[in-house]
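*Asks:* The structure under discussion is supplied below as structure tokens; questions concerning it will follow.
Derivation of every value follows stated rules applied to the coordinates shown; laboratory data play no part. All values derive from a computational prediction rather than experimental measurement. Cβ coordinates were reconstructed from backbone atoms using ideal geometry, including for glycine residues, and neighbour counts include every protein chain displayed.
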């Protein structure tokens, strides 16, 4: 039978073939076709013959063809056919589909829909035929019976797609069904249906099946609905990430949640690659992605930004056309997130309305963590973004060697957080990815070396963190070695930072080998001796470090002391009668036109005297009677150093100014080498005197002769200090204030102050009376203590020995504070000043200032030790009494002491009142009050008052007025922020309603209603506030200017609120009654008085007093002031008119008459006042006509009467 069909098919005509096929039953023909297909013998030729004998022009042929199609579809889906046979059959069927009449095409399509609904498809191979059927159906123009009515082909196709998307899709052929639609021409509505259906299937698939489905969906997106596709993919993975991070149960989403995190992140990485590849082929998809994310940023950023979308954006930076746009967007998002976070943290009002959400920085660091799962396409973007943040938001400027931030405090904090985020990104990426460590390190070092004119502390900190994590990279990275070749060309701070970052931590006391370690240390000291030939800054660092090395390893004492002794001998005059005892000229080097310090002699002597003191206190008491040769040599060396210091002391006291060639007639200007050299030498002498004072005090044992020597050394110090102050005083206050740090150690300052103020031992009285007799010396000691505390507050450490040791610094702080506190409370300033009238600050005032700085420093650096600090101040208590005393109790005791002093000061006579002391006391009290715990509930105002003692004729304007206006500006800023938030939420809701229109009507109460009510209440309060203030006759100046600007701001805010309701009205919501009341309040209470206030300002500026010809400069100055004050007036009028314009639009859209309470300014015009013009012409003369210009003033008319404009206002002055 099959052979006969094949032979008849070879005839030129098909009549005989048709007749033969009509004699066969449909089931027999189907069985014959099935047997041929299963055997795989020329099934294509046989099927082609049947189709040839079944023309669609005849009804029987068309029905036979339809049955053959149905049979072939069942065969293909049965799975009994070979792959190539099934493909051949489907190919033949595709070629013949367009011959079908419309009704049979509808039946074929319905068969597919029924197969999908009833889950009759086995492998989905036959679905390749469905897009051809739908395409052929869409071309039919005749009426077809589809569903409940007669439709044309295009409408039938729409209904079939609608039905197909409404039935349940089996999980196993979701991907094939999605690929069906890529070959069908779809309208935008059909695209939305298909995309929405596919997106809902995500949660029903296994995790590994999602990437191929996303690929098909991206291919489909080239027809439209790109934003819906991207939003659906991002939203799905955002929810998955949330589920994993929250470790919730698997029942809430699907079995996907049970998938391990690494599998999820691998799938996310694959999908990101698919999306980026699709964007390379279709740039419009990338533009839609950026548009979608930017639109979402206006509302709730967490709905569009998540770790998945951020990783997608970073991967997108590999496409050059999107790189800059993506980085700009991410930078803006980071900064906006930090600003929003700070605004929320600083406002209780906003915290009650807006929930705290995940910061963008947390999401980015989550991306860094997830990038370990083969996200190589993301890591490069992470590195670039990290450096962009550090470059853009790091410290910008260098002032006196320090990085300075420019801008408001809010922007400073935001910049610091953004820069820190960049460093965290790079450090965490460095830790996770070994392959890119070299690149990160090279980029960091490139910035350190090349940016000599801008601050690089943030890069040095990052470099230090990298080395701490992976110290062995110093050996493997050639860039580190290359960087050290440039050390001599880099600034000192950069070199110090690099050396601190790369220094190796070695335990010299390990069990490895004591001898080897000692040899190693000695080799290092020998290498360090080369530093003695370097610049002064290098030598200074060496001297400061030697004492710490000696204190930690006494075995190195001999080598260190010998080095210091040899260095001192180069500048010491051995002749006992030669004055001065030191070669100051050798300490200063002149090269060409430059003169600079070569040897920091004071620091050298300071290092020697501290090493000697340590040796005498620690080593000598431990030595036995019989000493070896080495010990004897060391002893001789120490004695020789003692003799040298003693000789220097005696000769320094004997030396006069002329001996140093530095008398008052010497040149101290900074314009020539001689003056610079004299300045350096004078500073060296002062440093030497300070070191010798400390040395002699340490060996004095409270002898009177030593005290006299100390006082003589101080007088020598004071001579040079007075000369420098006098020479630098005229017109160069900056030089005078920029004094070098004192060389006295903090321990000596503590001991000296204790001896001067608290030592009452009888045997010490004679010695100390010599020092106490000099008030200048006591002032000097207190000033040095104050300088040390200020240095601690500024840098976190102090100069001198143990200056880097926080525990020792804290102990010295406690000792100093105890003395200062006792001195201030024992001898009040009033008593002291009545006894002695001296120039400068009194001793008690210096004590109080140092106390204030000390309290601030302790709270800043030693917060955990506050209890110990306050305990150290109470010297009278015993250990038993200290046991149960809390910080609050101790702070309360100290506060009562200072309160008593403040009350005594306030109750004193007016001529005895010291405002500086009062201010310091208030600062101390406010600092100590931070230590108090709340012991009562929040204050409740029992009685409200409209009169405050602080508001009087002197303070009302501008002080109080500007403070109140600044608070109003802050509230306006918060309201503006809220309006922007809810506007973005409305936009997001509009987009989601477009994608899911069936959900729009189900949302009865919008989520922003409570925020709208809060905004309305705040704006109502502000309108009432400005209503009162605008009716006040403020004096010309900053008050008027600020008020006019703030009025413009509130009208701009009201306009933004009205625009928001213009958006809201599109979603068939009506305007709340509270908003209507707000509009009524602004129209009746604010706008009329605003115009009256404008008239008041203009009239006041036009009534300026006349000035004679000789005072033209003063007149021009006053005119400039008037112009500056009246400049905000046009802005205010424009803001009012904009508000009224949008109110009219809202009235039309909402069908509510919001303008019934508004008094429109119907005729604003410009006019030239002739009388004013004539008066100005007469005053300035006929020769200056061209300078007059047009005297233009803005006036308002209409419904506002002249009586309202001339209404008298209550004067504030």
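*Asks:* Arrange the following residues from fewest to most other Cβ atoms within 10 Å of their Cβ: 1085, 947.
*Replies:* On the way: 1085 18, 947 5.
Ranked by crowding around the Cβ, least crowded first: 947, 1085.
*Asks:* I would also like to ask the following. In square nanometres and to one decimal, what's the mean projected area of the convex hull around the Cα atoms of the stretch 237-386? Present the calculation step by step, with values, prior to reporting the outcome.
*Replies:* Details: hull surface 38.1 nm².
Approximately 9.5 nm², given one-decimal rounding.
*Asks:* Report D for the stretch 330-502 in µm² per second (integer): Stokes-Einstein, Kirkwood Rh on Cα pairs, 20 °C, 1.002 mPa s. Show your work: numbers first, answer last.
*Replies:* Numbers: Rh = 17.4 Å.
Rounded to a whole number, D works out at 123 µm²/s.
*Asks:* Could you tell me the distance between the Cα centroids of the stretch 356-396 and the stretch 214-228, to the nearest Å?
*Replies:* Between the Cα centre of the stretch 356-396 and that of the stretch 214-228, the gap is 28 Å.
*Asks:* If we restrict to alpha carbons, what Rg and Dmax does the stretch 573-727 come to, in Å?
*Replies:* Cα only, the stretch 573-727: 17.8, 60 Å (Rg, Dmax).
*Asks:* If each residue's Cβ is checked for other Cβ atoms within 10 Å, how do 551, 954, 900 rank with the fewest at the top?
*Replies:* 954, 900, 551
*Asks:* Using a simple spin-label model with points 7 Å from Cα along the Cα→Cβ vector, what separation in nm is obtained for residue 655 and residue 283?
*Replies:* 7.7
*Asks:* What is the gain in length, in nm to one decimal, between residue 794 and residue 358 on full extension, counting 0.36 nm per residue of separation less the C-alpha to C-alpha distance?
*Replies:* On the way: separation 436, 0.36 × 436 = 156.96 nm, distance 3.45 nm.
The span from residue 794 to residue 358 would gain 153.5 nm if fully extended.
*Asks:* Let me ask something else about it. Could you list 1158, 94 in order of exposure, starting from the residue whose Cβ has the fewest other Cβ atoms within 10 Å? All intermediate terms of the calculation are to be shown ahead of the outcome.
*Replies:* Values: 1158 21, 94 15.
Taking fewest neighbouring Cβ atoms as first place, the list is 94, 1158.
*Asks:* With equal scatterers on the alpha carbons only and no solvent term, can you work out the Debye log10 of I(q)/I(0) for the stretch 443-483 at 0.14, 0.16 1/Å?
*Replies:* Rounded to two decimals, the profile gives -0.31, -0.40.
*Asks:* Follow-up. With the crude spin-label approximation of a point 7 Å out along Cα→Cβ, what separation in nm comes out for residue 672 versus residue 765?
*Replies:* For the pair residue 672/residue 765, the computed spacing is 5.7 nm.
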